[in-house]
Amino acid sequence: MSLCLKMVKHIQIIPVGFDYCCGLVAIGAFVLARVREATVKGDRMSRSHKAVADCHIQIAAQIGVLGTSDTQGLSKFMNKLSELFEKIRKIEGRVSSDQDLKLCDLLRYYANDTKAAKDLLYRRMRSLVNFENSNKALEKARAKGKDVATAEKNQQSAKETFEHLSDVGKQELQEFRTRRLAAFKKGLVELTELELKHARAQLKLMTEFIAAVGKD
């Protein structure tokens, strides 16, 4: 069972303890940290692909120079090889852009959504503290026979706030889980399709280059 499903299941139970609420908030913080770590690694991967594309520019340029200065009859081959690297560079640049758009942006969105869910759980935890304190204050007021009406009003207000946040939390966590699954499925499927498309394009370029060189 997923973490969000566990949160939704347990947030329906109103009389939970403060320690349990703290545990849910801690779990949310842990998940958020892991998502942010994945986002950083995704950005690093995207930058690495961009660096690979930039390297192809330099390789293509140097091979082009060799082609113009060649005296052994390899200039035609060198020029074709330079053109191949230039075309591959464009594809690698598209791969980098797709990774940033389909994966890194997805992780950033998920990190923001996870932070919102964690903040919601924290607000619920604070409202539980206020509810428990108002119960204690009501007990003391009744024992002393003073300010009972005010204490009851405060206790009722704290209870309503806690129950409201519990209801909102249940609904938002369910929606969060649905959004997360839909977003990850859409983003990862589209990224995979694009990477397969780029890989086929590179394979086609290399096959055509080998065929052209074989004819020459």
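Among the residues that make up the range 92-114, is at least one of them among the basic types (Lys, Arg), at pLDDT below 85 and either open to solvent by less than 50 Å² (accessible area, probe 1.4 Å) or part of a helix (DSSP H, G or I) (or both)?
no
From the list Ala61, Ala141, exactly one residue is among the hydrophobic types (A, V, I, L, M, F, W, C) and touching an Asp or Glu at 6+ places or on another chain (Cβ under 8 Å). Which is it? Steps first, please.
Numbers: Ala61 fails: touching an Asp or Glu at 6+ places or on another chain (Cβ under 8 Å).
Among Ala61, Ala141, only Ala141 is among the hydrophobic types (A, V, I, L, M, F, W, C) and touching an Asp or Glu at 6+ places or on another chain (Cβ under 8 Å).
State all residues of the range 105-150 that are among the aliphatic types (A, V, I, L, M) and either over 20 Å from the mean Cα position of the chain (by Cα) or farther than 30 Å from Ala29 by Cβ (or both); if no residue qualifies, say none.
Met125, Leu128, Val129, Ala137, Leu138, Ala141, Ala143, Val148, Ala149
Within the range 195-209, restricting attention to residues that are in contact (Cβ under 8 Å) with a residue 40 or more places away in the chain and of a type in the set (A, V, I, L, M, F, W, C), which residue is surrounded by the fewest Cβ atoms within 10 Å (Cβ to Cβ)?
Start the filter on the range 195-209 by keeping residues that are in contact (Cβ under 8 Å) with a residue 40 or more places away in the chain, which leaves 195, 198, 201-202, 205-206, 209.
Cutting the leftovers down to of a type in the set (A, V, I, L, M, F, W, C) gives us 201, 205-206, 209.
Values: Ala201: 15, Leu205: 16, Met206: 13, Phe209: 18.
Across the range 195-209, the extreme among qualifying residues is Met206.
Determine whether Thr192 is over 13 Å from Asp98 (Cβ atoms), open to solvent by 60 Å² or more (accessible area, probe 1.4 Å), among the polar types (S, T, N, Q) and in a helix (DSSP H, G or I).
No; evaluated as a whole, the condition is false for this residue.
Right, Arg89: open to solvent by 50 Å² or more (accessible area, probe 1.4 Å), more than 19 Å from Leu205 (Cα to Cα) and in a helix (DSSP H, G or I) or not?
Considered against the rule, which asks whether it is open to solvent by 50 Å² or more (accessible area, probe 1.4 Å), more than 19 Å from Leu205 (Cα to Cα) and in a helix (DSSP H, G or I), Arg89 comes out as no.
Do we find that Ile57 is of a type in the set (A, V, I, L, M, F, W, C), touching a residue at least 24 places away in the same chain (Cβ under 8 Å), touching a helix residue (DSSP H, G or I) at 6+ places or on another chain (Cβ under 8 Å) and open to solvent by 70 Å² or more (accessible area, probe 1.4 Å) in this structure?
Considered against the rule, which asks whether it is of a type in the set (A, V, I, L, M, F, W, C), touching a residue at least 24 places away in the same chain (Cβ under 8 Å), touching a helix residue (DSSP H, G or I) at 6+ places or on another chain (Cβ under 8 Å) and open to solvent by 70 Å² or more (accessible area, probe 1.4 Å), Ile57 comes out as yes.
Considering only the range 122-132, I want to know if a residue exists there that is crowded, with 19+ Cβ neighbours inside 10 Å, over 30 Å from Gln171 (Cα atoms) and free of Cβ contacts under 8 Å to residues at least 60 places away in the same chain.
Within the range 122-132, none of the residues are crowded, with 19+ Cβ neighbours inside 10 Å, over 30 Å from Gln171 (Cα atoms) and free of Cβ contacts under 8 Å to residues at least 60 places away in the same chain.
Arg177 - would you say it is of a type outside the set (Asp, Glu), part of a helix (DSSP H, G or I), surrounded by fewer than 17 Cβ atoms within 10 Å (Cβ to Cβ) and on the phi < 0 side of the Ramachandran plot?
no
For Asn135, are the conditions met, namely being assigned to a helix (DSSP H, G or I) and either of a type in the set (Ser, Thr, Tyr) or open to solvent by 70 Å² or more (accessible area, probe 1.4 Å) (or both)?
Taking the combined requirement at face value, the residue does not satisfy it.
Do you know which residues across the range 94-114 are aliphatic (A, V, I, L, M) and touching a residue at least 60 places away in the same chain (Cβ under 8 Å)?
Val95, Leu103, Leu106, Leu107, Ala111
The values are calculated or read from the model by the stated rules, or taken from the named source; none is laboratory data. The structure presented is a predicted model; accordingly, all values stated were derived computationally and were not measured. Because the Cβ atoms are built from the backbone with ideal geometry, glycine has one as well, and the counts that use them run over all protein chains shown. Accessible surface is based on the protein model in full, side chains and every heavy atom, while ligands, DNA and RNA are left aside. Shrake-Rupley method; radii C 1.70, N 1.55, O 1.52, S 1.80 Å.
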